[in-house]
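**Q** The structure's right below; bear with me while I get my questions together.
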Amino acid sequence: MTRWSGRRSLYLIGAGLLVVALVGGRWLAVETAERAWDRTFAGGSALIEARMLARLLQAFVLVFAIAWATGNLLIVYRAIGSVQMPRRLGDLEIVEAVPRRVLFGITLALGIVLGALLSLGTGDWWRHAVLAAAPPHFGVSDGTLGRDAGYYLSVLPWRATLQNRALVLAAGATGVVTLLYGAIGSLRIRRGRVRASDYARTHCGVLLAGLALVIAWGAALDPAEVVAGFHGPVDHAAIAVRVPGSAFVAGVAVVAAVISLIWGWRDRPTLILAGWAALLLSLAACYVVIPGVVRASGSGESGSLVRGRAALERVAFGLTALEERTLPAFPSGEDAIRSVPLWDAGRVGIIAGVPPSAVALRAQHSGAGSPEWLIAPTAASAPTRVAVETDTGLAVNRVPVTDSAPLFGPGIAGFVVASPDSSPALRSAGVPITGAWRRFALAWTIQAWGFLRAESRGRILLWRRDVMERLERLAPFARFGAPAPALREGALWWVSWGYVTNEAFPLARPLAWRDGTVRYLRAGLVGAVRVATGETHVWLAPGYDSLTAAWARHFEPLIEPPHRLPADLRSQLAYPEEAFRLTVEQLVRTSADSAGTDSAWTLRPRTPFQLVAPSGTELWTGIGLESGTLAPRQLVGLCAGTITAQGLRLYLWRPDQPKRLPGELVGSFLLRPGQQRIWPTDGSVLTIQAQFVEPVGVNPPPPPRVAQVYVSLDGRVGNGPTARAALRGGEAAAPDTSLAARWARARRLAVQADSALGAGDLELFGRVFRALMRELAPSTRPR
């Protein structure tokens, strides 16, 4: 029996050592591979330091949580006299005492497990700690508490994180200790009164006092959390009720802490119940009930709150750079139709056989040239091409580049092992496969055990070849958008905008972004990856914001200053699409705040468009803004943005008089409308839109081609097989009251109504339906 017991102990020890070796070895191998990859970049030590800080914080919280949980459980352990476990031997049932050393081991194991559970979710603490150490400064205060906006993005999240973890530790320890004392009979409730032993009462009283103080700490932070949007919408109820109510909650919590200490020292069961009942009632009343009642009463928001919110939302979503001014107009309709593209990236990609992300509108042709689209290769054998728009379609030509096969690009997964003699640039971008331990670590991390063979020695590993993954590894505080191709010195690059976001910002209302919502978004970084070599750069974008600058200070020299961004790459950048969408959405929301929902602006077209300015060197992103009811809507403005050496430039142009735009094109089973583009031309507004032949249900689908082009200028609307024919064949846009024209408008409105009903937009359906009834109802004849 003794021999078997000894073998079992050896087996358990061996199994434990094997688990430690596997887990620890895997961690050490991954860390070795990560450090080798980080050192391939200038300034990669910043990534190593950030990762070390994250792990140090996780280790500190883990050790503290285990010590806290184990310490409280050991205090309970001292109160336990003995534990009796029943055992059955045949027909006899005996009671055997559990040895104290076994009970002590169970206490330690339970403390370790409980502490590990209480320390989960600390992987992002390093982000809050880094920002809180050197917070950004916006120079704009919230107007409610008088703090700079940077406090809500940096210092407040770190303090709130610490308070939340303290609340978890205090509440978790109090709950577990109370249950254990109740299980051993040291704490019970009789006739509505708490009965406890002196030992248990002292321990629980101290824990309850600590929990109350943590709640008081949270109440002290609550006004700033309310202003930052941590607790839902920042409205009149939150500002006028919850903010002052937090001071009352903090006072009650301090009183509850004192009462808990008194109860721990002297048995006052009625006092402890009254104190905590008052605290819970104050939490419910000040945080939930009273703000809910005020919200339900429908009381309007104060003017100061609306003005303060508008000013801060302008900062949060980049509207501070918005200027109301004229846009560079085309001198004539002929110049406009020659420079404004009819095609879009999706349809050019279909013609070229590449995804839309591999197509980009170029801004490096002369003002007299036709629109050009750069097409990046997505396969090793494909060339780099340029598609030029002509009257008959697209003329696709090859572009000579110095790069060979595309080794890096969007969506490229896996790794490549290359020879160090293939290219000097590859040697600097790849991870050398040298040394026995590094080869083993790389093989284990990537699960490529061929690295252990002799032929892999001395070669280089090209790893993380997807552009977005590569850039987000270098700037872990940012999210990068879809990359676009660009040419620089005869080489092909992928360029992407890096967005810095935050879920908290004073008084700002959230906007939907990707899979969640944000209260702050700015395009503060520009990342670029060379296709053939993997050379990677991340620059501060021209005109970067304060939050991005705060992050960049911690990642120098990995994040390069904006003046190092090459001018030829900057000239090919389009305005960051995701930032433009949120900026326009905020602009529309602001119009609804000031003019009401009935007169709020709507977008025309639905998605932003791109074109090249009359100078031929600036790429613009724009969208039209309409106002009015469904029939008729009028163009009241054009929001457009471009990139300059000084940064992002956003303009809002308002025509002298509102312009009426032509009706929207409706598709069919054979035709699909292209993207509509709107731009000032010759003192008026030009709109141009193509309709493409794209039959539904044809397999394989034929390549799209232009069927008709619709052009409007100076109140005249025309269509033809080309843009020039449509411009010259335009007629006055007088309303046609013939039966055929009314029937065509009714059919168009019926399609819009069906689409609105299918999308669940009942408000739009109602407006379209009323307009449809006006077209179908006979006019009233005079008697």
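**Q** Could you state the orientation-averaged shadow area of the convex hull built on the Cα atoms of region 117-223, in nm² to one decimal? If you can, show how the numbers build up before the last one.
**A** Numbers: hull surface 36.6 nm².
It is 9.2 nm².
**Q** Take every Cα-Cα pair in region 517-615 and report what % of them are more than 19 Å apart.
**A** Details: 2828 of 4851 pairs.
Above the 19 Å cut-off, region 517-615 has 58 percent of its Cα pairs.
**Q** For region 314-420, just say rounded, prolate or oblate: build the C-alpha gyration tensor, square-root its eigenvalues into a ≥ b ≥ c, call rounded for a/c under 1.5, and beyond that prolate if a/b exceeds b/c, oblate if not. Could the numbers behind the result be given before it?
**A** Working: a/c = 2.60, a/b = 1.42, b/c = 1.83.
Because a/c hits 1.5 or more and a/b fails to exceed b/c, region 314-420 counts as oblate.
**Q** Once you have the alpha carbon radius of gyration of region 629-714, what is it after dividing by 2.2 N^0.38 Å, with N set to its residue count?
**A** Numbers: Rg = 16.8 Å, N = 86, 2.2 N^0.38 = 12.0 Å.
Region 629-714 yields a ratio of 1.41.
**Q** Could I ask something else about it? Where does each of 515, 466 land when they are ordered by accessible area, with a 1.4 Å probe and the largest first? Each step should come with its number before you reach the end.
**A** Working: 515 165, 466 30 Å².
These residues rank, largest area first, as 515, 466.
**Q** Enter the angle in degrees (range 0 to 90, nearest 10) between the Cα long axis of helix 243-265 and the first principal axis of the Cα atoms of the chain, meaning the one along which they spread out most.
**A** Result, in degrees: 10.
**Q** Give me the distance between the Cα centres of region 526-581 and region 191-226, rounded to whole Å.
**A** Their Cα centres are 50 Å away from one another.
**Q** Radius of gyration and Dmax for region 280-334's Cα atoms, expressed in Å?
**A** When restricted to Cα atoms, region 280-334 yields Rg and Dmax of 21.9, 73 Å.
**Q** Shifting gears a bit: How much of the accessible area of the chain, in percent, comes from carbon and sulfur atoms when a 1.4 Å probe is used?
**A** Details: 22580 of 37950 Å².
Whole-percent figure for carbon plus sulfur exposure: 60.
**Q** While we're here: Residue 181: net charge of surrounding residues, Cβ under 15 Å, Lys/Arg +1, Asp/Glu -1, itself excluded?
**A** Working: positive: 78, 188, 190, 195, 201; negative: 198, 267.
In short, +3.
**Q** Could you work out the local net charge near residue 457, counting Lys and Arg as +1, Asp and Glu as -1, over the other residues with Cβ closer than 11 Å to its Cβ?
**A** Details: positive: 438, 439, 453, 459; negative: 455.
Value of the local net charge: +3.
**Q** Then there is this: Would you mind getting the accessible area per residue of the chain, heavy atoms of the protein chains only, 1.4 Å probe, in Å²? Walk me through the intermediate numbers first.
**A** Numbers: 37950 Å² over 783 residues.
Averaged over the residues of the chain, the accessible area is 48 Å².
**Q** Å³ per residue of the Cα convex hull, for the chain? Mind dumping the intermediate values first?
**A** Details: hull volume 209.0 nm³, N = 783.
Per residue, the Cα convex hull of the chain comes to 267 Å³.
**Q** Let me ask something else about it. Which net charge results for the neighbourhood of residue 421, defined as the other residues with beta-carbon distances under 11 angstrom from its beta-carbon, given Lys and Arg at +1 and Asp and Glu at -1?
**A** On the way: positive: 427, 459; negative: none.
My count for the surroundings of residue 421 gives +2.
**Q** Related question: Counting each DSSP H run of 4 or more residues in the chain as -39500 (n - 2.57), what helix-only mean residue ellipticity at 222 nm follows after dividing by all residues, to the nearest 500 deg cm²/dmol?
**A** For the chain, the value works out to -14500 deg cm²/dmol.
**Q** What is the ratio of the Cα radius of gyration of region 149-279 to 2.2 N^0.38 Å, where N is its residue count, to two decimals?
**A** Values: Rg = 17.1 Å, N = 131, 2.2 N^0.38 = 14.0 Å.
For region 149-279, the normalised Cα radius of gyration comes out at 1.22.
**Q** Hey, if we sort 339, 594 by accessible area with the 1.4 Å probe, largest down, what's the order?
**A** Working: 339 10, 594 100 Å².
The ranking, largest first, comes out as 594, 339.
**Q** Could you work out the mean projected area of the convex hull around the alpha carbons of region 126-166, in square nanometres to one decimal?
**A** Values: hull surface 12.1 nm².
With the hull built on Cα positions only, its mean projection is 3.0 nm².
**Q** Which angle from 0 to 90°, rounded to the nearest 10, does the C-alpha axis of helix 2-38 make with the longest principal axis of the chain?
**A** The angle comes out at about 30 degrees.
The values are calculated or read from the model by the stated rules, or taken from the named source; none is laboratory data. Worth saying up front: this structure is predicted, and the values here are computed from it rather than measured. When we count neighbours, we look across all protein chains shown, and the Cβ atoms used for this are built from the backbone with ideal geometry, even at glycine. Calculation scope for accessible area: heavy atoms of the full protein, side chains included, ligands and nucleic acids excluded. Shrake-Rupley method; radii C 1.70, N 1.55, O 1.52, S 1.80 Å.
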